Structure formats: structure tokens, C-alpha cells
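Below is the structure I would like to discuss, written out as C-alpha cells.
The values are calculated or read from the model by the stated rules, or taken from the named source; none is laboratory data. Source: prediction; values computed, not measured. Here the Cβ positions follow ideal geometry from the backbone for every residue, glycine too, while neighbour counts run over all protein chains shown. Ligands, DNA and RNA are excluded from the accessible area calculation, which covers all protein heavy atoms including side chains. Shrake-Rupley method; radii C 1.70, N 1.55, O 1.52, S 1.80 Å.
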Amino acid sequence: MKVSKLGSAKAKHRQISEEILSAIEDGRWLPGDRLPAEDQLAAEMDASLGTVQRALRSLVQMGVVERHHGRGTFVTGAQAQEGQLRHFRFMAEGGKRLLPVYFKIIDVELTSESGPWSNFFGTPEENYVHIHRLVNVNDEFDVFSEIYLPASRFAEIADMSEATLNGVSFRDFLAERFNAPTINTHQTMVCQPLPPRITRVLNVPHGQYGIVWTIGGLSYRDAPITWQRIFVPPSDRVIEIVPISSPEQTNLREMF
């Protein structure tokens, strides 16, 4: 009997976690929104307060919500505030400040081409939104970035003008417009010769070695939503790598 009760409680806890997560995915609560108080959730879901608290702890561990003492429980995804950089953190000498960076959209298109991005997304897509960006670092050198998104969810981005997307924080944009916050990332780096199409854009010698940095963005339920590849030419500037959950303390704008 005792085992049965424990199993039932565990099932109820998981059921409530799924219900809250489904409500978030359906847009009832958007990134940055505060969830109802725990006792209100318990009443709505016909569950004990302890079961609701256990469900919320599971969602915290999944990165779906954050709990702030005295303030409540909030949906994650909006905590990347304007004025932050996440992946282009090139440090000035001394390592105490970030260098300014400037982003320019080169092209936005729909493509049916498959590649490592299609492997990352898993489910076959008829088309992908493909974004090319040039990133100028402190007027010292340029970095090339390309982003792929599944068109089944983000096709309307391909119809937006380059002027509209210039200066946009893609992380915030996806969270706010599509309810698709980046909860986690998978990143790899390799030092190799940069492809000719990249050396031409960056105006570096053919065969030049550089860093190829790949970043896969994951949203709720570890669903893949973005795949980005960044080509970094040689320089003596240090790149600071930060966990996705760490708060940055810079006044620069995050561009994803």
C-alpha cells in the first residue's frame, strides 16, 4: 500500500509538471511571466501544495522556470536582457571589459539544403530559414555568422527585411514572438582552414586557419530551435565563454 501511494504521488507530480509545461508552450504564460501562487496552482490542479512544489522543483531543474524568494516563480527565457552579449564576448586587454561589436545582416533566405543543421534538428524539414551576418569586433576584424532555423516554425522571419532584423537580439526575438526561449545550448569548437567562401567575406588569405564555432540552441523539452556556425579569424583577443544560465554584467546588446 505504501509503495502504491508513493507511485501515485510520483505520477501526480510528473503530471502537474507536464500540465504546466504544456500551458507554457501553448502561450498561457510567456517568458518572463510570473506563474500563479503555489496554493492557487494546487487548487487549480486539485493537488496538494507539496506535490505542486515538487513539480515546480522539477521544472526548475529542467530550466523551464525560475523561483525567486519573496517574488514568485517565473518562466525563463526573458532573462537575457537587452544590452548583453552571449557568444561574441571578445575581451579588451586586461580582461575587464568587452570590446564593442557591430552586427550587419547580409542575407535572409529559405533553403532546402541539408547539412549538420538538419542533423541537429532531427525531424526532416522541407525548408530552413538561413541568416547570414557579419560581426565587426571593435573595428579590428570581422567574424562571419550563419544561423539556421526550422521553417515549419519560423518561416515568417524569411519575409522580414534585413533592415528589420539588423540590431535584433535573436534570442529575445524568438522568446518573445514565438514563445521559443533558448534554455540550453550545445557548443563545439574546432581550429581548421576557413572555407574559401568565408575567407573572401572576411578578407583573409585563402587557406587561413581560424575557429569554427558551432552552437545549437535548445528550448523547452530540449527541442532544437536554432543552429549557428561562427567563423572566427586569428586574433590575439580572448573570447569569454559563459554558461547560458549565468547573468552577464555588460551594457552591450545581445545578438545571440
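Being in contact with a helix residue (DSSP H, G or I) (Cβ under 6 Å, 6 or more places away or on another chain) and either open to solvent by 60 Å² or more (accessible area, probe 1.4 Å) or farther than 20 Å from His132 by Cβ (or both), is that true of even one residue in the range 194-209? Please lay out each step first, then the result.
So in the range 194-209, the residues in contact with a helix residue (DSSP H, G or I) (Cβ under 6 Å, 6 or more places away or on another chain) come out as 206, 208.
Subsequent filtering for residues that are either open to solvent by 60 Å² or more (accessible area, probe 1.4 Å) or farther than 20 Å from His132 by Cβ (or both) retains 206.
Yes: the range 194-209 contains one or more residues that are in contact with a helix residue (DSSP H, G or I) (Cβ under 6 Å, 6 or more places away or on another chain) and either open to solvent by 60 Å² or more (accessible area, probe 1.4 Å) or farther than 20 Å from His132 by Cβ (or both).
State which residue is modelled with the lowest pLDDT when the search covers only the range 23-43 and only residues that are more than 15 Å from Val60 (Cα to Cα) and open to solvent by less than 40 Å² (accessible area, probe 1.4 Å). So that I can check it myself, show each step before the final result.
Of all residues in the range 23-43, those more than 15 Å from Val60 (Cα to Cα) come to 23, 25-30, 36-37, 39-43.
Right, trim to open to solvent by less than 40 Å² (accessible area, probe 1.4 Å) and you get 23, 27, 29, 36, 41-42.
On the way: Ala23: 88, Gly27: 81, Trp29: 86, Pro36: 93, Leu41: 93, Ala42: 92.
The residue in question is Gly27.
Please determine whether any residue of the range 60-73 is open to solvent by 30 Å² or more (accessible area, probe 1.4 Å), acidic (Asp, Glu) and touching a strand residue (DSSP E or B) at 6+ places or on another chain (Cβ under 7 Å).
Yes: one or more hits.
Here is a further query. Mind counting the residues in the range 131-162 that are among the acidic types (Asp, Glu), open to solvent by 10 Å² or more (accessible area, probe 1.4 Å) and assigned to a strand (DSSP E or B)? Don't jump to the end; show me each part of the working.
First, the residues of the range 131-162 that are among the acidic types (Asp, Glu): 139-140, 142, 146, 156, 159, 162.
Next cut, open to solvent by 10 Å² or more (accessible area, probe 1.4 Å) only: 139-140, 142, 156, 159, 162.
Filter once more, so that each one left must be assigned to a strand (DSSP E or B): 142.
Total satisfying the criteria: 1.
Further question: Has the range 149-165 got at least one residue that is touching a His at 6+ places or on another chain (Cβ under 9 Å) and under 21 Å from Gly210 (Cβ atoms)?
Taking the range 149-165 as the starting set, the residues that turn out to be touching a His at 6+ places or on another chain (Cβ under 9 Å) are 149, 158.
Next, from what is left, pick out any that are under 21 Å from Gly210 (Cβ atoms): none.
No, the conditions are met nowhere in the range 149-165.
Here is a follow-up. Quick check on my filter: what residues within the range 163-189 are of a type in the set (D, E, K, R) and crowded, with 16+ Cβ neighbours inside 10 Å? Please lay out each step first, then the result.
Just the residues of the range 163-189 that are of a type in the set (D, E, K, R), to begin with: 171-172, 176-177.
Result: Arg171, Asp172, Glu176.
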